[in-house]
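Trainee: Sending over a structure as structure tokens; questions will come in a sec.
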Amino acid sequence: MSKIVILGAGISGHVAAAHLRRKLSKEHEVVVVSPNSNYQWVPSNIWVGIGRMKSEKILFPLAPLYKKKGIGYKQAKALSFHPEGDKKEEKPYILAEYVVGENKGQQEKVTYDYLINATGPKLDFEATEGLIPGQNKAYSVCTYSHADHAWAGLKALIQEMKKGKKAKILIGTGHAKSTCQGAAFEYILNVEQELRNHKVRDMAEITWISNEYSLGDFGMDGVLMSYGDMIMKSSEMVEMIFDDRGIKWILEAGVNKIEDGIAHYENLDGEQKSETYDFAMLIPAFSGHGFKAFDKNEKEITEKLFKGFMLVDADYTQKPYEEWSVQDWPETYQNPSYKNIFAPGIAFAPPHTISKPRFSKNGTAIFPAPPRTGMPSGITAKLVSENIIDSIKTNKESLNHRGSMGNMGAACIASAGFGFWKGSGVSITTFPIVPDFEKYPDSHGRHLGKTFGAIGLAGHWLKLMLHHAFIYKAKMKPFWWLIPE
Ligand SMILES: Cc1cc2nc3c(=O)[nH]c(=O)nc-3n(C[C@H](O)[C@H](O)[C@H](O)COP(=O)(O)OP(=O)(O)OC[C@H]3O[C@@H](n4cnc5c(N)ncnc54)[C@H](O)[C@@H]3O)c2cc1C
């Protein structure tokens, strides 16, 4: 009998738990440890943040589902890792602390045979002074409760605009090294459309602020793509979209301090500037959770497991940008020191960024961290669980299932306005996510036939369809496994 413990019930952890439970007989234990009581379909937070979807529509409680499916569930947060056990406990374990109920505050050693760390990123608001969701007129849409607050803030501003107030709206990244530009891009387009719906578009100046060197970098160093019969750069496409909608932009901006209605930033020229606003949505930095690890003698061994995020089978050798290779990216998400620990989704440490590193004249790093979107999070979780299933069934380590962000695509569908007939969507499909300059030397490291952009109502329908399909799948309804990651 094996016991698999999964930390986190986000896209990655939940996908892993579902596949493991489906394919392993009941003699094996699958246990999820996660602090949230709900599963949330994060991409639809955008619609919650414009008041077009209630947050209840994008979440459901985990406990009843896990009970029905025979998945163990501890509503607790992991505190530290003990991959060799300790002086009293022979088995490897993670130390977890319950966050609700009678057991709240109680700690437990949760032992395992296999551990999947799917804790995603820590939303590191503290890395930017004054950036606190819901305060200083600045908001986030990274969780459903943040998105609820964002809509409350935006709605109040819309009411003031209806009474004649001229407003400034600022949307983008709230830290010099933030990632998730795609989510901010989607939000700015939705906000712009929502102001039109409320007939107050002419009262607002809308500005994109970002740590990108050029528009449409999205932390992927931009994409060269086919667009209808043309070949286009993502920078050109985004510029066209912003121009068309009257959205201004500030690039190369490392936001470092937020005051009530003022965003302070440094740019690549080393200038300290600021931008005022009446409503802002700024994506925070993402970091590791700061977990510590200990060996069986209780000596700290954090560096064997973490480099911010968790160490996996990537090539972490420090090398100049010109020597970066697609082969540096991991394929099995297995920790090199402890072969029974895996980290799919956002929880693994990337070997380096994808966007070219750039530093201001003062030496401040201002460029996006690598994005890790839902599709690779689901795919990597599935392949990790399949390797664990094979290893359990054959009783020997199996790593046959592999997939790197260098041979995986990402479909980013940014809805650009909600509505069955009036909605719109901007779809950018990229293959591979990490450019492979050897295979595709003439197209900026990407396969042009599989890297394309489109704008139109179909994009909105697709996004809506994905919302329903992925919530259906997450609820593990009949034949859920037929829906791809
Ligand atoms: C607003 C927004 C819109 C997005 N839109 C898209 C999109 O359109 N398409 C797309 O592909 N991607 C999109 N993404 C990205 C996508 O949501 C992420 O790639 C995905 O959620 C990552 O999954 P994950 O499981 O690795 O991490 P997460 O989803 O962050 O899950 C991490 C889990 O770990 C838990 N956890 C945290 N700390 C602990 C702890 N100490 N112990 C145990 N558990 C812990 C959390 O509670 C959570 O359950 C969007 C992201 C945002 C913020």
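The values are calculated or read from the model by the stated rules, or taken from the named source; none is laboratory data. Here the structure is a predicted model, which means the values were calculated and not measured. Virtual Cβ from ideal backbone geometry, glycine too; neighbours counted across all protein chains shown. Each accessible area value is taken on the protein alone, full model and side chains, heavy atoms only, with ligands, DNA and RNA left out. Shrake-Rupley method; radii C 1.70, N 1.55, O 1.52, S 1.80 Å.
Trainee: Pull out the extension gain between A411 and E298, defined as 0.36 nm times the separation in residues minus the alpha carbon to alpha carbon distance; nm, one decimal. Can you show the working numbers first?
Mentor: Working: separation 113, 0.36 × 113 = 40.68 nm, distance 4.39 nm.
Contour length minus the Cα-Cα distance gives 36.3 nm.
Trainee: Also, I was wondering about something else. Please name whichever of H289, A253, I301 sits farthest to the positive end of the charge dipole of region 241-304, dipole taken about the Cα centre and charges placed at Cβ: Lys and Arg +1, Asp and Glu -1.
Mentor: Among H289, A253, I301, the one farthest towards the positive end of the dipole of region 241-304 is I301.
Trainee: For a test of the definition: using alpha carbon positions, the gyration tensor, and the 1.5 limit on a/c, classify region 331-466 as rounded, prolate or oblate.
Mentor: oblate
Trainee: Enumerate by residue number the trypsin sites (Lys or Arg not before Pro) in region 110-163 meeting two conditions: DSSP loop (anything except H, G, I, E, B), and at most 13 other Cβ atoms within 10 Å of the site's Cβ.
Mentor: Numbers: sites: K122, K137, K155, K162, K163; in loops: K137, K163.
Answer in residue order: K163.
Trainee: Going toward the positive end of the dipole of the chain, with +1 on Lys and Arg Cβ and -1 on Asp and Glu Cβ, which of A118, N335, T276 do you reach last?
Mentor: A118
Trainee: Hey, any idea what % of region 1-153's accessible area is carbon plus sulfur with a 1.4 Å probe? It would help to have the intermediate numbers written out before the result.
Mentor: Working: 3110 of 6410 Å².
That share works out to 49 percent.
Trainee: I would also like to ask the following. Can you give the angle from 0 to 90° between the axis of helix 181-197 and the longest principal axis of the chain, with both taken from C-alpha atoms, to the nearest 10?
Mentor: Orientation of helix 181-197: about 40 degrees from the principal axis.
Trainee: State the answer as a single residue: which of P370, P441, M405 lies farthest towards the positive end of the charge dipole of region 349-485, with beta carbon charges of +1 for Lys and Arg and -1 for Asp and Glu, about the Cα centre.
Mentor: So the residue we want is P370.
Trainee: Using only Cα atoms, locate the centre of region 327-402 and the centre of region 8-61, then give the distance between them in Å, rounded to an integer.
Mentor: Each part's Cα centre sits 20 Å from the other's.
Trainee: Return one number: the angle in degrees, 0 to 90 and rounded to the nearest 10, between the long axis of the Cα atoms of helix 11-23 and the longest principal axis of the Cα atoms of the chain.
Mentor: Tilt of helix 11-23: around 40 degrees.
Trainee: Which whole-number percentage describes the relative contact order of the chain, with Cα contacts under 8 Å and a sequence gap of 6 or more? Write down the numbers at each step before the final one.
Mentor: Numbers: 1134 pairs, mean separation 79.8, N = 485.
Reported relative contact order: 16 percent.
Trainee: Let me check I've understood the local charge: for S274, count other residues with C-beta under 11 angstrom from its C-beta, Lys and Arg +1, Asp and Glu -1. What total comes out? Provide the component values of the computation, followed by the final result.
Mentor: Details: positive: K257, K273; negative: E259, E266, E271, E275.
Charge balance in the 11 Å sphere: -2.
Trainee: With N denoting the number of residues in region 113-235, provide Rg(C-alpha) divided by 2.2 N^0.38 Å, to two decimal places.
Mentor: Its radius of gyration relative to the 2.2 N^0.38 Å reference: 1.26.
Trainee: From Cα pairs below 8 angstrom and at least 6 apart in sequence, can you work out the relative contact order of region 59-126, rounded to a whole percent? Intermediate results must be reported in sequence, preceding the final value.
Mentor: Working: 78 pairs, mean separation 14.2, N = 68.
Relative contact order here is 21 percent.
Trainee: When Lys and Arg each count +1 and Asp and Glu each count -1, what net charge do the other residues less than 15 Å away from C142, Cβ to Cβ, add up to?
Mentor: Numbers: positive: K122, R372; negative: D124, E126, D148, E186.
Once all neighbours under 15 Å are counted, the net charge is -2.
Trainee: When a/c is below 1.5 the answer is rounded, else prolate if a/b is larger than b/c, else oblate, so apply that to region 195-257 with a ≥ b ≥ c taken from the square roots of the Cα gyration tensor eigenvalues.
Mentor: oblate
Trainee: So what is the 222 nm mean residue ellipticity for the chain from helices alone, if each DSSP H run of at least 4 adds -39500 (n - 2.57) and you divide by all residues, rounding to the nearest 500 deg cm²/dmol?
Mentor: Numbers: 9 runs with 116 residues, N = 485.
That calculation yields -7500 deg cm²/dmol at 222 nm.
Trainee: Dipole magnitude of the chain about its Cα centre, charges +1 at Lys/Arg Cβ and -1 at Asp/Glu Cβ only, in debye to the nearest 20? Before the final figure, lay out the partial values.
Mentor: Numbers: 58 positive and 54 negative charges, 400 e Å.
Charge dipole of the chain: 1920 debye, to the nearest 20.
Trainee: May I pose another question? To make sure I understand the rule: partners must be lysines, Cα under 17 Å from the Cα of K257, and not fewer than 8 residues away in the same chain. Which ones qualify?
Mentor: List returned: K137, K177, K273.
Trainee: What is the gain in length, in nm to one decimal, between E323 and N103 on full extension, counting 0.36 nm per residue of separation less the C-alpha to C-alpha distance?
Mentor: Gain in length upon complete extension: 74.1 nm.
Trainee: Could you list, in their original order, any pairs among K307/K396; K23/K382; K57/K477 whose Cα atoms are separated by more than 20 Å? Could the numbers behind the result be given before it?
Mentor: Values: K307/K396 28 Å; K23/K382 11 Å; K57/K477 16 Å.
Over 20 Å Cα-Cα: K307/K396.
Trainee: Reported to two decimal places, what Rg/Rh ratio describes the chain when computed on Cα atoms with Rh from the Kirkwood expression? All intermediate terms of the calculation are to be shown ahead of the outcome.
Mentor: Working: Rg = 22.3 Å, Rh = 23.2 Å.
Dividing the radius of gyration by the Kirkwood radius yields 0.96.
Trainee: Once a ≥ b ≥ c are taken as the square roots of the eigenvalues of the Cα gyration tensor of region 264-418, is the result rounded (a/c under 1.5), prolate (a/b larger than b/c) or oblate (a/b not larger than b/c)? Please list the in-between numbers first.
Mentor: Numbers: a/c = 2.05, a/b = 1.60, b/c = 1.28.
Prolate shape, in that a/c is at least 1.5 and a/b is the bigger ratio.
Trainee: Still on this model: What aspartates and glutamates does K165 reach when the alpha-carbon gap must be under 15 Å and sequence neighbours fewer than 8 apart in one chain are set aside?
Mentor: K165 reaches D202, E205, D278.
Trainee: Here's a follow-up. Determine the per residue accessible area of the chain with all protein chains present and a 1.4 angstrom probe, expressed in square angstrom.
Mentor: Values: 20430 Å² over 485 residues.
Here the residues of the chain average 42 Å² of exposed surface.
Trainee: Something else now. When we measure straight from the Cα of K463, which aspartates and glutamates land under 12 angstrom away, once same-chain ones fewer than 8 places off are left out?
Mentor: Straight-distance partners of K463: E186.
Trainee: Note the full-extension length gain between D315 and W461 as 0.36 nm times their separation in residues minus their Cα-Cα distance, in nm to one decimal.
Mentor: Values: separation 146, 0.36 × 146 = 52.56 nm, distance 3.95 nm.
Here the segment from D315 to W461 would lengthen by 48.6 nm.
Trainee: Also, quick follow-up: Compute the helix-to-body angle for 374-394: its Cα long axis versus the longest principal axis of the chain, expressed 0 to 90° and rounded to tens.
Mentor: That works out to roughly 10 degrees.
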